[in-house]
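Trainee: Dumping the structure here so I can ask a few things about it.
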Amino acid sequence: MNRSPTVLDRITRYRSLERNSGRRAEDQDGSQRALRLVQAIEDQGNGWFWETDRAGHITYLSAKIADFFGGEGAVLGESLKGLFQTSGSGMGTERTLGFLLQAHSSFSDLEIVAGAVPGRVWSISGRPALDRNGRFMGFVGTGSDLTARQRTEAEITRLALYDTLTGLANRARLQHGLDQALARRSGGGRRTALFQLDLDRFKAVNDTLGHQVGDQLLVQVARRLQAAAENMPSALVGRLGGDEFQIVIVGDHDREELAVWAKSIIASLARPYSIKDAWISIGSSIGIALAPDDGDDPETLVRNADLALYAAKGAGRGVFHFFKADLLAQARRRKEMEDDLRDALRHEQLRLVYQPIVSTLSGEVTGFEALLRWQHPKRGPVSPADFIPVAEESGLIEQIGEWVLRTAAREAVAWPRPVRLAVNVSPVQFAKPGWPAVVANALAVSGLEARRLELEITESVFMEGSDTIQATFKALKRLGIRFALDDFGTSYSSLGYLQTAPFDKIKIDQSFVRGACIAGSRNGAIIRAIVGLAEALELETTAEGVEAHDEIELIRSLGCSHIQGFVYGMPMTHDAVMDRLANSTTLVPSGVRHSRPPRVRMLRSVMIEQNGKRTSARLRDISVAGAMIDQLGPAGLLPGATLQIELMAGDWTPARVQWSNDGRAGLSLLRSFNFAAVTGQANGTKAAG
């Protein structure tokens, strides 16, 4: 079957005609047209042409390619296989260019490079040129420039596998790396460690300084992570998204070595960052899971590293945590509690009680704080300390918070006296742009006067984003609502918050009130300092957690304006509030007269010595000032007598017997001792007797 002549055929034919001018003129005209077409392709496109003789020497090479080697004069007569080499990365490069030329075989799309032209990649196709008698004359072929296409493909690959902002591996690349590591592990390979890393306080930076600064911060974080990874063999560092990062480490590294690396990363990321002439400080938390100990498939390993990260953040941030089996059990319990909490909302298991807030000067009730209670049908009472964090994490806090506000406002309107209503607001809810509208609607529907409503928020609310928080403050202040700063001194404790936020009251945390009357305690001085600060800013103060009469006297003497605590009774129902306010607003304190240090239950053997005689006893509980012992026998101890008690091996503490009855005795400890060491607590604070 006859084949139609191609452009290459016409070029070859034209070159033959040049050597044999006796051919017909029409053949010359056709070949000239083909040549003009070839020249147009060479000038305007990526295509080019080449030709060799029988020996593989170049007889023709398009000018734009020849120019890379110094022009046509520099390439004519040169060996094609000496000028170009197969790249080794393209399809069909198993056979070299020299082999194909030597075999007189046709080939197509052969990827080639040239040592004299680094960075360029071409594709060539060629076929043998034969004369009329079928004798081999050389090769003719075409070529195209692949450089731009390969760069585009490389960029597409980069975008598919690497984070565009930081240049680290992205989620897909990390997943692939983890899959490969675990696949090698299942085949008898080395262990794999997975670090899940989250930045602390990054959201505040993003919200207050803008996303551009946040992006620059992420870039610097990525650089520090890459630098840290240089000390971690076979580590793949990547960004999952936002401020979440991941490190996949392959190798038989023990926990101690991984802990050293985790500490190093945390320390590195905690150093201040310089961005736009400002110094920014953040932190990081790390969760660590190991394969195969904590899972031998990607899904399980990532889940367990996330649980470890959750534990690290719950431990105060800026720490690392290895996965433990009980973390999974805790996560399941949190999920069960979340499900039960949803049922509680549907089946009206939540209720409110109210704790009175009393004036220290008059003893009259000035308001009530609404406290949320949950009576679980099977578990019984569930502490807010247990279910509120779950509500915040699951997003249920918005629904619960709105229910609390609307219910408390509706009930407070019915109270016989217009005392204040204090309602706690979660930082998560306060940061929502729609919160002011919810408050305004609750007031409108209930008819509660805005001046009676006091919203209590903690210092942690300022970590949710400055712009939104300030807008919320302004919107609610325009309604006439009061604000109280709750748990002051226990969180971030920045006095700048008192400058910028329109607070009306500071609530002194119960941790400063508890033990304030005990000799040697510094809590009284702290309370006095907070009251002085509040007075200077013209703010009211409420001391929380007051339980004893002597604490009332101390709080009053230190100038605190309000008291709240069990000393005025347990929180009461709405009906009890109605009865109380209908009769009188004055409350009489109840409970213990004198506060005493908190006691730790022990139940361990000790030795006591009296009048040179030693005997054994059992230590039931102990505080910084006293102890109770039992198993003393029928004789017991004589009240007022002194003795020595061996609280630690070889460490005898003098004590006085305060009371003795039925084989038990209460001791007053007469010398300071290491309370933390005796009780096994974490801190090393010395207790004063």
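The values are calculated or read from the model by the stated rules, or taken from the named source; none is laboratory data. If you're wondering where the values come from, they're calculated on a predicted model, not measured in any experiment. So basically every Cβ, Gly included, is an ideal-geometry build from the backbone, and we count neighbours across all protein chains shown.
Trainee: Could you list all residues from the stretch 562-594 that are among the basic types (Lys, Arg) and surrounded by fewer than 16 Cβ atoms within 10 Å (Cβ to Cβ)?
Mentor: Once the filter is applied, which keeps residues that are among the basic types (Lys, Arg) and surrounded by fewer than 16 Cβ atoms within 10 Å (Cβ to Cβ), the stretch 562-594 yields only Arg593.
Trainee: Further, regarding this structure: Looking at the stretch 284-296, I want the residues that are under 22 Å from Ala228 (Cβ atoms) and have a partner that is buried (at least 23 other Cβ atoms within 10 Å of the Cβ) and among the hydroxyl-bearing types (Ser, Thr, Tyr) with Cβ atoms under 9 Å, at least 6 apart or on another chain. Which pairs are those?
Mentor: Leu290/Thr192; Ala291/Thr192
Trainee: Answer yes if at least one residue in the stretch 288-310 is assigned to a helix (DSSP H, G or I) and within 17 Å of Ile388 (Cα to Cα), and no otherwise.
Mentor: Checked against the condition, which is being assigned to a helix (DSSP H, G or I) and within 17 Å of Ile388 (Cα to Cα), the stretch 288-310 yields at least one hit.
Trainee: State all residues of the stretch 347-374 that are modelled with pLDDT under 90 and either small (Gly, Ala, Ser) or over 30 Å from Glu544 (Cα atoms) (or both); if no residue qualifies, say none.
Mentor: His347
Trainee: I would also like to ask the following. Can you pull out every residue in the stretch 313-346 that is assigned to a loop (DSSP other than H, G, I, E, B) and more than 17 Å from Leu199 (Cα to Cα)?
Mentor: Phe323, Lys324
Trainee: Hey, among Gly126, Gly138, Gly143, Gly167, which residue is at pLDDT 90 or above, surrounded by 11 or more Cβ atoms within 10 Å (Cβ to Cβ), outside the structural domain of Gln196 (by TED's automatic domain parsing) and on the phi > 0 side of the Ramachandran plot?
Mentor: Gly138
Trainee: Residue by residue through the stretch 46-74, note down the ones that are hydrophobic (A, V, I, L, M, F, W, C), surrounded by 16 or more Cβ atoms within 10 Å (Cβ to Cβ) and farther than 16 Å from Arg120 by Cβ.
Mentor: Scanning the stretch 46-74 gives Phe49, Ile58.
Trainee: Cβ-Cβ distance below 8 Å, separation of 6 or more or different chains: which pairs start in the stretch 368-383 with a residue that is surrounded by 11 or more Cβ atoms within 10 Å (Cβ to Cβ) and acidic (Asp, Glu) and end on one that is modelled with pLDDT of 90 or more and assigned to a strand (DSSP E or B)?
Mentor: Close Cβ pairs satisfying both conditions: Glu369/Tyr354; Glu369/Gln355; Glu369/Ile357; Glu369/Ala422; Glu369/Val423; Glu369/Asn424; Glu369/Glu456.
Trainee: Could you say whether any residue in the stretch 389-403 is within 29 Å of the chain's Cα centre (by Cα) and either of a type in the set (S, T, N, Q) or not assigned by TED's automatic domain parsing to the domain that holds Val567 (or both)?
Mentor: Within the stretch 389-403, one or more residues are within 29 Å of the chain's Cα centre (by Cα) and either of a type in the set (S, T, N, Q) or not assigned by TED's automatic domain parsing to the domain that holds Val567 (or both).
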